[in-house]
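Trainee: Okay, here's the structure, questions in a sec.
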Amino acid sequence: QVQLVESGGGLVQAGGSLRLSCAASGRTFSRYGMGWFRQAPGKEREFVAAMSWSGGSTAYADSVKGRFTISRDNAKNTVYLQLNSLKAENTAVYSCCAGARGFSTIASGYDYWGQGTQVTVSS
């Protein structure tokens, strides 16, 4: 069983940056595809970014391309999401996820989920 714990969320001004971390424990991590999703109050969960286990392949939602960057450090069993040029509309709970079959842009493609970390962008 894999457990994922996000951290790094908080309050930030519009135009600022934040780095989210997702620490994995319990089982093999290096071969897992990783993803980030977010959900704002009253909104559906949406895809943000994903990455293959090697980090060689990535995918981003159109709305975050050029501003957000997903990365991972397998030695630390940690995946990151760098959030730059943040906008108020980016306010949401951000959750990381892991999938044994690789990365995906849809939530059903993942097997394990973290509890989420709140990102609030002030305007």
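Trainee: For the chain, with all protein chains present and a 1.4 Å probe, just round the carbon and sulfur fraction of the accessible area to a whole percent. Let's see the in-between values first.
Mentor: On the way: 2770 of 6220 Å².
Solvent-exposed carbon and sulfur of the chain make up 44 percent of the total.
Trainee: Per residue, how many Å² of accessible area does the chain show with a 1.4 Å probe?
Mentor: For the chain, the per-residue accessible area is 51 Å².
Trainee: For the range 1-77, which GluC sites (Glu not before Pro) are in a loop by DSSP, counting at most 13 other Cβ atoms within 10 Å? The partial results should precede the final answer.
Mentor: Details: sites: GLU6, GLU44, GLU46; in loops: GLU44.
Here the GluC sites (Glu not before Pro) that fit, given the DSSP loop and packing criteria, are GLU44.
Trainee: Only sites in a loop by DSSP and with at most 16 other Cβ atoms within 10 Å count here; which trypsin sites (Lys or Arg not before Pro) in the range 20-123 make the cut? Walk me through the numbers before you get to the answer.
Mentor: Details: sites: ARG27, ARG31, ARG38, LYS43, ARG45, LYS65, ARG67, ARG72, LYS76, LYS87, ARG101; in loops: ARG27, ARG31, LYS43, ARG45, LYS65, ARG67, LYS87, ARG101.
Sites meeting the loop and neighbour criteria: ARG27, ARG31, LYS43, ARG45, LYS65, ARG67, LYS87, ARG101.
Trainee: Find the cysteines in the chain that fail to meet the 4.7 Å Cβ criterion with every other cysteine, and list them.
Mentor: So, CYS97.
Trainee: What is the list of residues in the range 84-117 whose amide nitrogen lies under 15 Å from a point 7 angstrom out from the Cα of SER57, following Cα to Cβ?
Mentor: 99-106, 109-110
Trainee: Want the number for SER7 to THR120: 0.36 nm per residue separation, take away the alpha-carbon distance, what's left?
Mentor: This chain segment gains 39.3 nm when fully extended.
Trainee: What is the local net charge at VAL121, summed over the other residues whose Cβ is closer than 11 Å to its Cβ (Lys, Arg +1; Asp, Glu -1)? Don't skip to the end; give the middle numbers.
Mentor: On the way: positive: LYS87; negative: GLU89.
Within the 11 Å Cβ shell, the charges total 0.
The values are calculated or read from the model by the stated rules, or taken from the named source; none is laboratory data. What you see is a predicted model, and the numbers here were worked out from it, not measured in a lab. Cβ atoms come from the backbone with ideal geometry, glycine included; neighbour counts cover every protein chain shown. We work out accessible area using only protein heavy atoms, side chains counted, and drop any ligands, DNA or RNA first. Shrake-Rupley method; radii C 1.70, N 1.55, O 1.52, S 1.80 Å.
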